[in-house]
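Have a look at the structure below before the remarks.
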Amino acid sequence: MAPALEDGEFDNDDYYSLLNVRREATQEELKVSYRRLCMLYHPDKHRDPELKRQAEQLFNLVHQAYEVLSDPQSRAIYDIYGKRGLDVEGWEVVERKRSPVEIREEFERLQREREERRLQQRTNPKGMISVGVDATDLFDHYEEDYEDVPGGGFPHVEINKMHISQSIEAPLTTSDTAVLSGSLSTHNGNGGGNINVALRRVTSAKGWGEVEFGAGDTHGPLLGMKIFRNLTARCFVTAQCGLHFSSRGVRPGCTTMLARHLDKNTMGYLQWRWGTQSSMNTSIVRDTKTSHFTLAMQLGIPHSFMMMSYQYKFQDDDQTKVKGSIKLNRASQTYFFPIHLTDQLLPSAVFYATVGPLVFYLAIQRLVIRPYVRAQKEHDLEKHRESSASDIARKRQEAESAVLLMQESVRRIIETEESKMGLIILNAWYGKFVTDNSQKHERAKVIDVTVPLQCLVKDSKLILTEATKSGLPGFYDPCVGEEKSLKVLYQFQGAMHQVLSPEGEALRIPKQSHRIDADT
């Protein structure tokens, strides 16, 4: 008796793999494969009621796959959206009146949009460009006539300040993020800029920590650390320490701030600063739609003060200011940071400009990025295995039932092949194999697929397409998320052959290159 399946039918997400045809298969190739599978899995070939029921389920699934792939429009929707696209919702997304070519063009457009959204979600790019334009001469123009000066009769409009800032995030793991940011400012011909790299780790739902490295033309290199922590729902604390390196030496600094929401529109801050300019500052900030109020007091070295500011958000006609802005957003951004080391060709400059960055990159790649990516991959894979454990068990049960349905057909195929010294599958395994490059704790995760492969032999030939082999009848995925291969030991014309075929590659046997020498 075959193992009883729970309520439900055979399920296979890959129709191409089920029919064992190429994704570019013609209508004739589909028809040939469909007819052959119908003969193999026809319910009338089984007398046992349980086998007959399971054969009927597999037969219906093969028929369903053929119906979808033989219709050009349904096939185009399946190629784009999968089985879900064949539901009512899928037809609403892709109207029936569209041709397969139009459907594929729509899919390519939607895929490009998804890639752009995925890039933005992953890197979270942020940027701002602010340009200050002095156009007061348009409205407050001198009445004197400057006819002798070229262009003197036209109002003078100039750019007097500009600020550019950009930042991009690179998630390393679910809790670790690298942030690259930079800014450049200029005002009336004087300006400066800086670049910062920060590594941020979310320690819990209430807090995170950050290590920052920076360089600029005002304070020199910077090494800092910042910690944020929510104490209550309305209160949080931040602590920040840093070291500024310059020609005058190293300047340490530390700042701690305690903040609390006093009400919906009011925040209270208490800040301590230690370093070359130590101080304690307390302030209350209230911001509403109509006003902004700040009360602050500072005690410190060398500055102590008390400040109160009130702004009513209304301006009369004489003080009205008109501002205009243009905002541009883009999904991909390019950052270029030229570094001027020296005006002369010095060995030290060449070393620090070539070997130094390369060594730093290799160290970060090996010690930080690779371990993070490996740990993240293992974590995601483990979660996927846990979530798909029940589905894998069901697939395994379906594969075992399919193998029982193939026994009678395989017996007849073997008798035919033996009579002409044709293709006999002696052993076949599918899954993850242990190799010389495998780690010590790894073990093989394979399943026996000898019967399913022998069932696909026709006229002493076995042809497998590049489609995933786990979708073939009698197969299932024994190692979800890991690289898989198909290893086959077969006999042809009295000689032994062996082949190892990676997942996703087409396979055609027999081949002379698979033959095992007698000495071996």
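The values are calculated or read from the model by the stated rules, or taken from the named source; none is laboratory data. Source: prediction; values computed, not measured. We place every Cβ from the backbone using ideal geometry, glycine too, and count neighbours over all the protein chains shown. Surface accessibility is based on the protein's heavy atoms, side chains included, excluding ligands, DNA and RNA. Shrake-Rupley method; radii C 1.70, N 1.55, O 1.52, S 1.80 Å.
Students sometimes get this wrong: rank Lys31, Lys461 by accessible area, probe 1.4 Å, all chains present, largest first.
On the way: Lys31 70, Lys461 100 Å².
The ordering from most to least exposed comes out as Lys461, Lys31.
Just by accessible area at a 1.4 angstrom probe, what is the order of Val368, Val250 from largest to smallest?
Val250, Val368
With Cβ to Cβ distances under 15 Å as the rule, what net charge do the other residues near Met267 carry (K, R +1; D, E -1)?
For residues surrounding Met267, the net value is +2.
For the pairs Lys226/Lys264; Lys52/Lys487; Lys31/Lys83; Lys264/Lys289, flag any whose C-alpha to C-alpha distance is greater than 22 Å. Write out the running numbers ahead of the final one.
Numbers: Lys226/Lys264 27 Å; Lys52/Lys487 31 Å; Lys31/Lys83 20 Å; Lys264/Lys289 12 Å.
Going by Cα-Cα distance, Lys226/Lys264; Lys52/Lys487 fall outside the 22 Å limit.
Let me cross-check Leu223: its accessible surface, 1.4 Å probe, with only protein heavy atoms counted, in Å² to the nearest 10?
70
Using the alpha-carbon centroid of each, what span in Å lies between the stretch 228-258 and the stretch 385-405?
55
Trypsin sites (Lys or Arg not before Pro), restricted to the stretch 368-460: which are DSSP loop and have at most 12 other Cβ atoms within 10 Å?
Here the trypsin sites (Lys or Arg not before Pro) that fit, given the DSSP loop and packing criteria, are Lys420, Lys440, Arg443.
Please turn the phi angles of the stretch 275-292 into ³J(HN,Hα) values with the Karplus equation 6.51 cos²θ - 1.76 cosθ + 1.60 (θ = phi - 60°), one per residue in order, whole Hz, x for glycine and proline.
Computed from phi, the couplings for the stretch 275-292 are x, 5, 10, 7, 6, 10, 10, 10, 8, 10, 10, 10, 10, 10, 5, 10, 8, 9 Hz.
Just reorder Thr450, Thr282 by solvent-accessible area, largest first, 1.4 Å probe, all chains present.
Listed by decreasing accessible area, they come as Thr282, Thr450.
With every protein chain in place, what's the accessible area of Ser309 (1.4 Å probe, Å², nearest 10)?
The accessible area of Ser309 comes to roughly 50 Å².
Determine the distance separating the Cα centre of the stretch 483-519 from the Cα centre of the stretch 360-380; give it in Å without decimals.
Their Cα centres are 37 Å away from one another.
Using θ = phi - 60° and the Karplus relation 6.51 cos²θ - 1.76 cosθ + 1.60, list the HN-Hα couplings for the stretch 55-64 in order, rounded to whole Hz, with x at every Gly or Pro.
5, 5, 5, 5, 4, 5, 5, 4, 5, 5
Can you tell me the convex hull volume per residue for the stretch 480-520, based on C-alpha atoms, in Å³ to the nearest whole number? Show your work: numbers first, answer last.
Numbers: hull volume 3.1 nm³, N = 41.
Hull volume normalised by residue count: 77 Å³.
Can you give the accessible area of His379, probe radius 1.4 Å, in Å² rounded to 10?
Probe radius 1.4 Å; accessible area of His379 about 90 Å².
In Å², and per residue, what accessible area does the stretch 457-520 have when probed at 1.4 Å with the other protein chains present?
51
Convert each backbone phi in the stretch 475-482 into a coupling constant with the Karplus relation 6.51 cos²θ - 1.76 cosθ + 1.60 (shift: θ = phi - 60°), then list the ³J(HN,Hα) values in order as whole Hz, x for Gly and Pro.
Values per residue, Gly and Pro as x: 9, 7, 8, x, 8, 4, x, 10 Hz.
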